[in-house]
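K.L.:
Handing you this structure, nothing more for now.
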């Protein structure tokens, strides 16, 4: 076999590729359609960019369709997105009407492909209402929720729930993020792509050049947190931990790398607070990077001695797996999906305060051998559990289970 | 040693698990007990055995999710130890295991004056699983061929032929032993060692190594016909 799938073999092992090939056999020739609301940008598009060609290569007739809408539709779905994550977002009747109408128009346009598809994945709330226009659909429809829907703003969930409930199954990232629904609720954690620009191996000179560009001294220890300037990511707590640790390790440098905050008033306020807390310390590097600075982030993660993700509240927090994949232990906040990735004392440390983080920073820098061992364990743990080949395997499992009966046991005979 | 003509080849299968949320959640010990009384048996099975095949660390502090939750969410170390020592292989069926869990929890509830609560984001979520079994296409006619191939079997195959096999009718035994027993007394020793294998307090990768070791070290006994 040559092609995309085979490029993963050196990373994940031939046995993983062989297992995907065998598991996908009963699905070969099936028509699978993914529907979301954007072709570029955002986590869902990033997943589908690889998932769709990989499924095709496994013999599934896979398509990716994007619904189209006007400004008011996106205004509405942005409110949905916030409301699903617990924000009190008021959605007017006019916006709800726009949502329904946009879904109706897209249902008409996509009818030829969706009507006779064997499996349809509807990603997130944007296209969730398509299903009401396919009462005689042939295949299994699965609603894939990529966000933390554990405590949605109730009026919005009340509106969306009847659409979601019509699907044959849904998929959430964690049990914690899920809702009770009248169909099987599958759990599939997200994953990282080891071959993407964010995670691929980089030449040492490129890493050195990027450090030089930002004034980072590669001869001294450096720790990094990659995150938006958001209170839940606790950048001020990270600076506090840095200050406590530098009392004992004065050569330590801190890099806080995040996106620009021009369209986010709260982000701007947090950034101003972070700059004030840094007090122009030359060893605190606050980097505002563009959204596509994947290689730069990759290089910074590789240059770091270890990585922090000291969130107070977190969804899944895939930046943790990204760092661990580069062999870095992570000091992470004891919250959300970070707990699934940071195995305390093995792949990093879970902390609940700046003091806890400072203690672990000092520990790691004084126990270099242990730091290296933890980094090795972290990489292995990600290889086993958080690469996109694992996610693909779980999607295939769900597809086989749904198309071959919903019993506890599905035995394929060929 | 060759294969007697009437013995079917060993068929290597593989499996994957799909995790399904049951919607049942517990935030304290009393709620955990109440759900345990009625939850789908597949959920209890999953929280004991499913840990082997899902994102988890290969050196877990506790081998089942109930013990782990007691320690990390309720901070009840004593209960965690009592639950952690349970070996599900000691119980003939899930209901026996269910009763043991309830018994230990009831006793702990009697002992404690205050009910410990987990944080809202650390509730116990009852999950069950669907197992999807598929054929790898690999067939082995002799024990020697099978032994040579064991290191290359996927962890899913090890799970299916050792863990899952033990709850399959009518044999209730691992597939390797069931197949080797057809070769008569020649493999009596290896079958005995396989029977003593405890698949619970180990990982699938370690189990694969142990299987390789037991079967690889074996020389078939010459039996007079």
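Every read-out reported here was derived from the displayed coordinates using simple, explicitly stated rules and does not represent laboratory data. All values derive from a computational prediction rather than experimental measurement. Here Cβ is always computed from backbone atoms with ideal geometry, including for glycine, and neighbour counts include all displayed protein chains.
K.L.:
Average projected area of the Cα convex hull of the stretch A:305-391, in nm²?
P.N.:
Numbers: hull surface 19.3 nm².
Mean shadow area of the hull around the Cα atoms is 4.8 nm².
K.L.:
At a 10 Å Cβ-Cβ cut-off, how would you order A:223, A:412, A:324, fewest neighbours first?
P.N.:
The most exposed by this proxy come first: A:412, A:223, A:324.
K.L.:
Over the Cα atoms of the stretch B:16-128, each weighted equally, I'd like the Debye log10 I(q)/I(0) at q = 0.14, 0.23 Å⁻¹, rounded to two decimals.
P.N.:
-0.52, -1.57
K.L.:
Also, I was wondering about something else. Along Cα→Cβ, 7 Å out, is where each label goes; now give me the distance between the ones at residue B:30 and residue B:209 in nm to one decimal.
P.N.:
Going by the 7 Å Cα→Cβ label model, 4.7 nm.
K.L.:
At q = 0.06 Å⁻¹, what base-10 log of I(q)/I(0) does the Debye formula yield for the protein assembly as shown when every alpha carbon is treated as an equal point scatterer in vacuo?
P.N.:
Log10 I(q)/I(0), no solvent term: -0.36.
K.L.:
Additional query: So if each residue of separation counts as 0.36 nm, and I subtract the Cα-Cα distance between residue A:70 and residue A:7, what length gain in nm does that give? Mind showing how you got there, number by number?
P.N.:
Numbers: separation 63, 0.36 × 63 = 22.68 nm, distance 3.90 nm.
Extra length from residue A:70 to residue A:7 when fully extended: 18.8 nm.
K.L.:
While we're here: Count the DSSP beta bridges whose two residues both fall in the protein assembly as shown, then state the antiparallel fraction as a percent rounded to the nearest 5. Intermediate values should be presented prior to the final figure.
P.N.:
On the way: 17 of 64 bridges.
That works out to approximately 25 percent antiparallel.
K.L.:
Which value results when the Cα radius of gyration for the stretch B:166-212 is divided by 2.2 N^0.38 Å?
P.N.:
Relative to the rule-of-thumb radius for its length, the stretch B:166-212 sits at 1.17.
K.L.:
Based on Cα coordinates alone, diagonalise the gyration tensor for the stretch A:108-246, multiply each eigenvalue by 5, take square roots, and list the semi-axes in whole Å, largest first.
P.N.:
Working: eigenvalues 379, 90, 29 Å².
Working through the eigenvalues yields semi-axes of 44, 21, 12 Å.
K.L.:
Below 8 Å, C-alpha to C-alpha, sequence gap of six or more: please give me the relative contact order for chain B in percent.
P.N.:
Details: 286 pairs, mean separation 72.1, N = 225.
Reported as a whole number, the value is 32 percent.
K.L.:
Of all the Cα-Cα pairs you can form in the stretch A:43-137, what percent are over 18 Å apart? Don't jump to the answer; show the numbers that get you there.
P.N.:
Numbers: 2351 of 4465 pairs.
I get 53 percent for the Cα pairs in the stretch A:43-137 exceeding 18 Å.
K.L.:
Before rounding to the nearest 500, sum -39500 (n - 2.57) across all DSSP H runs of length at least 4 in chain A and divide by the residue total; then give [θ] at 222 nm in deg cm²/dmol. Write down the numbers at each step before the final one.
P.N.:
Details: 16 runs with 188 residues, N = 414.
Rounded to the nearest 500, the figure is -14000 deg cm²/dmol.
K.L.:
So what's the back-of-envelope 222 nm ellipticity for chain B, counting only DSSP H runs of four-plus at -39500 (n - 2.57) apiece and dividing by all residues, rounded to 500? Please list the in-between numbers first.
P.N.:
Numbers: 10 runs with 92 residues, N = 225.
It lands at -11500 deg cm²/dmol.
K.L.:
So if R0 is 35 Å, what FRET efficiency would residue A:313 and residue A:217 give, r being the distance between their Cβ atoms, rounded to the nearest 0.05? Walk me through the numbers on the way to the answer.
P.N.:
On the way: r = 33 Å, r/R0 = 0.94.
According to the calculation, E is roughly 0.60.
K.L.:
So what are the three principal axis dimensions of chain B from its Cα atoms, in whole Å, longest to shortest?
P.N.:
Rounded to whole Å, the extents work out to 68, 30, 30 Å.
K.L.:
By count of other Cβ within 10 Å, fewest leading, how are B:76, A:408, A:205, B:14 ordered?
P.N.:
Details: B:76 19, A:408 16, A:205 8, B:14 26.
Placing the least packed residue first, the sequence is A:205, A:408, B:76, B:14.
K.L.:
Write down the Å³ per residue value for the convex hull defined by the alpha carbon atoms of the stretch A:204-385.
P.N.:
Working: hull volume 19.6 nm³, N = 182.
Given the Cα convex hull of the stretch A:204-385, per-residue volume reads 108 Å³.
K.L.:
Normalised by the number of residues in the stretch A:275-414, what is the relative contact order in percent for Cα pairs under 8 Å and 6+ residues apart?
P.N.:
Numbers: 153 pairs, mean separation 25.6, N = 140.
Once normalised by length, the contact order is 18 percent.
K.L.:
While we're here: Taking the Cα-to-Cβ direction at residue A:45 and at residue A:251 and moving 7 Å from each Cα, how far apart do the two end points lie in nm?
P.N.:
Rounded to a tenth, the inter-label distance reads 4.4 nm.
K.L.:
Using only Cα atoms, tell me the angle between helix A:154-165 and the longest principal axis of chain A; keep it within 0 to 90° and round to the nearest 10.
P.N.:
50 degrees
K.L.:
I'd like the distance between the alpha-carbon centres of the stretch B:94-149 and the stretch A:343-393, rounded to an integer number of Å.
P.N.:
Centre-to-centre distance over Cα atoms comes out at 26 Å.
K.L.:
Let me ask something else. Checking a compactness column here: for the stretch A:1-97, what do you get for Rg(Cα) / (2.2 N^0.38 Å), N being the number of residues?
P.N.:
Details: Rg = 18.4 Å, N = 97, 2.2 N^0.38 = 12.5 Å.
Relative to the 2.2 N^0.38 Å estimate, the stretch A:1-97 comes out at 1.47.
K.L.:
Now, a different point. How many nm is it between the label spots at residue A:97 and residue A:113, if each spot is 7 Å from the Cα in line with the beta carbon?
P.N.:
Each label point lies 7 Å from its Cα, and together they span 3.0 nm.
K.L.:
For a Förster distance of 25 Å, can you work out the FRET efficiency between the beta-carbons of residue B:167 and residue B:37, rounded to the nearest 0.05?
P.N.:
Details: r = 21 Å, r/R0 = 0.86.
Computed FRET efficiency for residue B:167 and residue B:37: 0.70.
K.L.:
Using Cα pairs under 8 angstrom and six or more residues apart, how large is the relative contact order of chain A, in percent? Provide the component values of the computation, followed by the final result.
P.N.:
Numbers: 696 pairs, mean separation 55.3, N = 414.
Reported relative contact order: 13 percent.
K.L.:
Using only Cα atoms, find the angle between the long axis of helix A:265-278 and the longest principal axis of chain A, and express it within 0 to 90 degrees, rounded to the nearest 10.
P.N.:
That works out to roughly 20 degrees.
K.L.:
Same structure again: Measure nothing fancy, just the Cα-based angle from helix A:43-57's long axis to the longest principal axis of chain A, in degrees from 0 to 90, nearest 10.
P.N.:
Helix A:43-57 sits at roughly 60 degrees to that axis.
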